[in-house]
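The next block holds one structure in the form of structure tokens; read it before the comments.
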Amino acid sequence: MIPKYSQLICAFSRKPKNMSFVYGDTRRAGSSRRDFLSVLGIDYKDLICAKQVHGASVKYVREKDKGKGAFSYSSAIADTDAFITDKKRLPIAIFTADCLPVFLYDPKTPAIGLVHASWRSSKERITAKAVQLMQKKFNSRAKDLYAGFGPCIRECCYEVGKEFKDFFHYGLRYRSKVYYLDLAAVNKKQLLDLGLLKKNISDTGVCTCCQNDTFFSFRKEGASCGRLMSVMMLK
């Protein structure tokens with residue numbers, strides 16, 4: 001995915017560990033977070049989380065935000081679907097179960113960004129907005145940025161209604177009289193349009209619906225579905 005640098009931690013979790021305090025079986029969410037993060041060298045008490053709303057709000061976080069959402073959903077940062085930061089030892093996280101995690105990295109500053117790209121967020125160009133905020137805050141240059149896409153529901157499984165033609169002019173596929181959305185393609189185009197280099201954008205290619213034995217999928221499991229965690233931190 002993103003090139004290996006000694007100053008960066010970048011990872012996503014897998015089943016059966018549910019990382020959400022709200023969705024699925026939450027009884028062991030706290031210990032699951034602790035165990036997952038400890039392997040990465042991250043103190044789970046420092047984690048910064050959001051109350052994700054499938055919107056397009058990107059927040060710049062600093063030391064004062066450390067621990068928000070680490071122990072409870074109520075303490076998480078409200079109405080937010082993406083974080084950016086240039087502060088070290090500040091772990092940022094998003095939670096998904098079919099939505100696309102987008103990891104952003106500027107090795108020059110250095111700085112990072114982490115995006116929860118649902119179809120609604122993608123329609124509002126949240127990934128582009130995260131990059132634009134990095135450019136504004138850190139003077140990041142598009143050609144220096146790296147982006148990585150984590151597991152999400154893919155075009156093979158993401159059936160949508162015909163009204164999506166009004167939302168997306170790119171990334172929709174039509175086969176057997178049904179529309180399918182390619183979230184990764186939509187967000188990749190946002191990055192390319194901003195000037196990121198194609199060679200600096202990588203994708204796991206994993207479909208959470210196809211590989212539901214390994215990753216949570218709301219489309220496959222419904223309301224009882226847990227959530228994966230994607231996390232980034234500058235060392």
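Key figures
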{"item": "Alpha-carbon centroid distance for the pair the range 184-235 / the range 55-73, whole angstrom", "result": "20 Å"}
{"item": "Within straight-line cross-link reach of K88, aspartates and glutamates at Cα separation under 16 Å, skipping those fewer than 8 residues along the same chain", "result": "D43, D46, E63, D65, D106"}
{"item": "The chain: most fluctuating residue of H54, H169, H116 per GNM, C-alpha cutoff 10 Å", "result": "H169"}
{"item": "Shape of the range 40-147, Cα gyration tensor, a/c cut at 1.5", "result": "oblate"}
{"item": "Other-chain or far-sequence residues with amide H under 5 Å of A11's (modelled H)", "result": "V231"}
{"item": "At q = 0.16, 0.19, 0.23 Å⁻¹, base-10 log of I(q)/I(0) for the range 178-235 (Debye sum, equal scatterers on each alpha carbon)", "result": "-0.74, -0.93, -1.06"}
{"item": "Fluctuation leader among P101, P151, P110 - the chain, Gaussian network, Cα springs under 10 angstrom", "result": "P110"}
{"item": "Under-28-angstrom lysine pairs by C-alpha in the range 117-190, whenever the two are 8 or more apart or on separate chains", "result": "28"}
{"item": "Residues of the chain: accessible area per residue with a 1.4 Å probe, Å²", "result": "45 Å²"}
{"item": "Solvent accessible area, Å² - S121, 1.4 Å probe, full protein context", "result": "0 Å²"}
{"item": "Rounded accessible area of S74 (nearest 10 Å², 1.4 Å probe)", "result": "90 Å²"}
{"item": "Calculated from backbone phi, Karplus (6.51, -1.76, 1.60) coupling profile of the range 176-183 in Hz, x at Gly/Pro", "result": "6, 6, 9, 8, 10, 9, 9, 4"}
{"item": "Apportionment of accessible area to carbon and sulfur, the chain, percent (1.4 Å)", "result": "47 percent"}
{"item": "Rounded, prolate or oblate (a/c below 1.5 giving rounded, otherwise prolate when a/b exceeds b/c) for the chain by Cα gyration tensor", "result": "oblate"}
{"item": "Lys, Arg +1 and Asp, Glu -1 on Cβ, resulting dipole of the range 67-182 about Cα centre, debye, nearest 20", "result": "320 debye"}
{"item": "Simple Cβ-charge dipole of the range 107-235, Lys/Arg +1 and Asp/Glu -1, about Cα centre, in debye nearest 20", "result": "440 debye"}
{"item": "The chain - charge dipole about Cα centre, Lys and Arg +1 at Cβ, Asp and Glu -1, debye rounded to 20", "result": "380 debye"}
{"item": "Gain in span if fully extended, K143 to R14, counting 0.36 nm per residue against the direct Cα distance", "result": "43.3 nm"}
{"item": "Selection of trypsin sites (Lys or Arg not before Pro), the range 136-231, meeting DSSP coil and at most 15 other Cβ within 10 Å", "result": "R141, K177"}
{"item": "Cα gyration tensor shape of the range 22-94, rounded if a/c is under 1.5, else prolate or oblate by comparing a/b with b/c", "result": "oblate"}
{"item": "Amide H within-cut-off set for L100, under 5 Å, with H built and near neighbours excluded", "result": "A117, S118"}
{"item": "Choice from G161, G171, G150 with maximal GNM fluctuation in the chain (Cα, 10 Å cutoff)", "result": "G161"}
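The values are calculated or read from the model by the stated rules, or taken from the named source; none is laboratory data. All of these numbers come straight from a predicted model, not from anything done at the bench. So basically every Cβ, Gly included, is an ideal-geometry build from the backbone, and we count neighbours across all protein chains shown. Side chains are part of the model used for accessible areas, which takes the heavy atoms of the whole protein and leaves out ligands, DNA and RNA. Shrake-Rupley method; radii C 1.70, N 1.55, O 1.52, S 1.80 Å.
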